[in-house]
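The values are calculated or read from the model by the stated rules, or taken from the named source; none is laboratory data. These figures come from a predicted structure and were not determined experimentally. Reconstructed Cβ throughout: ideal geometry from the backbone, glycine too, with neighbour counts over all protein chains shown.
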Amino acid sequence: MLQYIIKVALSAILIVAVSEASKKSSLIGGILASVPLLSVLALIWLYIDTKDTQKISQLSTSVFWLVIPSLSLFLVLPILLKMKVDFYLALSISIIIMILFYYVMIFILGKFGIHL
């Protein structure tokens, strides 16, 4: 139970740090947010929990391939915001497009024999 509390606390601290840094500088916030902290933490937590390097390898490979479609959110969101679309609507549309890109990526990878 203590391990879960530590995981949640550390994850929350990182999210708040990015949010607070972004208030002062979008560059610093962007750098902090773009570092794959969530992925690295997930790899660490998975290793601590399982000691299974094969699972670590599989997760790392999945993250690699799925980062590509996730970037669509960061392309679509600013475009919609510049078009004066309400933030929550723009975010929702961006997330839906990102999910569609995930499906497309998984489909394309499957055609090349890559199964995540």
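Worth a mention:
- Residue that is modelled with pLDDT of 90 or more and closer than 19 Å to Ile95 by Cβ, where the choices are Ile48, Ile68, Ile15: Ile68
- Residues (surrounded by fewer than 16 Cβ atoms within 10 Å (Cβ to Cβ) and either touching a Pro at 6+ places or on another chain (Cβ under 8 Å) or not in a helix (DSSP H, G or I) (or both)) located in region 36-66: Pro36, Lys51, Asp52
- Contacts under 7 angstrom Cβ, first residue in region 44-70 being touching a residue at least 12 places away in the same chain (Cβ under 8 Å), partner among the aromatic types (Phe, Trp, Tyr) and surrounded by 12 or more Cβ atoms within 10 Å (Cβ to Cβ), 6 or more apart: Ile56/Tyr47; Leu66/Tyr102; Pro69/Phe101; Pro69/Tyr102
- In region 35-72, the residues that are hydroxyl-bearing (Ser, Thr, Tyr) and under 21 Å from His115 (Cβ atoms): Ser39, Thr50, Thr53, Ser57, Ser60, Thr61, Ser62, Ser70
- Residue match in region 87-97 (condition: surrounded by 12 or more Cβ atoms within 10 Å (Cβ to Cβ), out of contact with any His (no Cβ under 7 Å at 6 or more places or on another chain), within 20 Å of Leu59 (Cβ to Cβ) and in contact (Cβ under 8 Å) with a residue 24 or more places away in the chain): no
- Hits in region 18-45 - residues which are among the hydrophobic types (A, V, I, L, M, F, W, C) and in contact with a Gly (Cβ under 9 Å, 6 or more places away or on another chain): Val18, Ala21
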